[in-house]
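A short worksheet on the structure shown next.
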Amino acid sequence: NSVASIESNAFTGCNSLIIYCEAVSKPSGWSSSWNYSNRPVNWGITKDDLVIELNNLQYLIKNEIAILTGYLGNGNEVAIPSTIEVEGIVYNVTSIGTYAFYNCSSLISITIPNSVASIESNAFSNCSKLTTIIFEESSQLTSIGSKAFSECNSLKTVYYSGSIEDWCN
């Protein structure tokens, strides 16, 4: 929270970097192009929050829930779990964070559990080989952020048992 400035292109070339900031938003002293490579940024992260990696998926544990923040693998099929267990505590996976799967060129199919209520902006953008999205039965999905699936030009099939109106809130 005490970082007063970050210069232009500070994280250029850090292709797998996920940034966690204690500040709740970008401070005014930071360069407008500090994150030129557009790496995922999670704001408002405190020392009490936990970042964990399980099975090539990275999660942020915050306020007793798990947010999927990044995919660290290169597999072509991913099934996101509905819960994760950390040190004997079970957390529901309720959100797919901003840029979580950004530019995953190997991803072909994704299965999203019914526990996920939101897919944040650009979560799957530039997944050029993504062809299939499967939402589990009784999906709790209520929001999809802007450009969540932008540049997913191979996307052909979405399995969803609910109503598309569920997403238009």
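Report in % the part of the accessible area of the chain that belongs to carbon and sulfur, leaving out ligands and nucleic acids; probe 1.4 Å. Whole-percent figure for carbon plus sulfur exposure: 45.
Summed over the residues of the chain and divided among them, the accessible surface reaches 54 Å² per residue at a probe radius of 1.4 Å. Under the definition of Cα pairs under 8 Å and six or more residues apart, what whole-number percent is the relative contact order of the range 84-145? Dividing the mean separation by the residue count of the range 84-145 yields 36 percent.
Note the full-extension length gain between Ser106 and Glu53 as 0.36 nm times their separation in residues minus their Cα-Cα distance, in nm to one decimal. Please list the in-between numbers first.
Working: separation 53, 0.36 × 53 = 19.08 nm, distance 1.94 nm.
Stretched fully, the Ser106-Glu53 segment lengthens by 17.1 nm.
The slack between Ser143 and Ser8, meaning 0.36 nm per residue of separation minus the straight C-alpha distance, is 45.3 nm. The computed Cα extents along the principal axes in Å for the structure shown corresponds, within (1) 58, 41, 33; (2) 48, 39, 32; (3) 53, 51, 30, to (2). Counting only DSSP beta bridges with both residues in the chain, tell me the antiparallel percent, nearest 5. About 45 percent, rounded to the nearest 5. About its Cα centre, the chain has a charge dipole of approximately 540 debye under the convention of +1 per Lys or Arg Cβ and -1 per Asp or Glu Cβ, with nothing else charged. Could you identify which residue out of Thr94, Thr132, Thr69 has the top mean-square fluctuation in a GNM of the chain using Cα springs shorter than 10 Å? Maximum fluctuation in the GNM of the chain, among the listed residues, is at Thr132. Computed over the chain with a Gaussian network model linking Cα atoms closer than 10 Å, the most mobile of Ser31, Ser115, Ser128 is Ser31. Within the range 85-169, the GluC sites (Glu not before Pro) that combine a DSSP coil assignment with at most 12 other C-beta atoms in a 10 angstrom radius are Glu87, Glu137.
The values are calculated or read from the model by the stated rules, or taken from the named source; none is laboratory data. Only a predicted model underlies this, so the values are computations on that prediction, with no experimental measurement involved. FYI the Cβ positions are ideal-geometry reconstructions off the backbone, even for glycines, and counts take in every protein chain you see. Note: areas computed on protein heavy atoms with side chains; ligands, DNA, RNA excluded. Shrake-Rupley method; radii C 1.70, N 1.55, O 1.52, S 1.80 Å.
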